[in-house]
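Remarks on the structure that follows.
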Amino acid sequence: MQPRIPRQAAREQGVHRTDNDAAFSDELAAVFSGARRRAVRDGDRQIDTAHLLHSLLEADPEARAVFEDGPQVARLLGYLVQRSIGYGLRWQGAVEDSGAVPVVAGEAGFSPLAAGAMEYARERAARRSGEPALGIDLLAAIVVDPQARAVEVLDHAGVDAHALFVRIERHLEKAG
């Protein structure tokens, strides 16, 4: 039986490097771990942007705060749970890659789009403050590509990804 997410030699595993990478906050490293556990449990071959979104909503109060209201978050979490118990089966075996975000090599276990979003989050944080990337940076990164699975999930839950991105930017301006 092959592992669901292929194992690689330690020097090749971007996942381990990412979890300990100083470019990410401790909270974001926990989000990555939660997304990995979810992908394995769901039988997915890669950690995609929908796994990242699900973990962000569960673990990061700041990421939840940019949504319009509590019922919107509840609808979104309900939809993500439905996806994890069967909806996502149509995605199994397929690589999430829209081509809009450059592929980042070396992030083992992450879809090309999820790895690109992680890099985008690092860059956003570096430009903003030079501090490690936060969950809000990753949320912004996963909603900018209309082909991302996370954006598809947002659409199905009635959340406008572009409006969410605008709220994220406003939230960061106020916090800055």
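Electrostatic bookkeeping for residue 163 treats Lys and Arg as +1 and Asp and Glu as -1; over the other residues with beta carbon under 14 Å from its beta carbon, the sum is -3. Extension gain, residue 82 to residue 173, is 29.4 nm, computed as 0.36 nm per intervening residue step minus the present C-alpha separation. For residue 110, the amide hydrogen comes within under 5 Å of the amide hydrogens of 47, counting only partners 5 or more places away or on other chains and with H modelled in the peptide plane.
Values in this text are rule-based calculations from the coordinates and carry no lab data. In this text the structure is predicted, and so the values were computed from the model without any measurement. We place every Cβ from the backbone using ideal geometry, glycine too, and count neighbours over all the protein chains shown.
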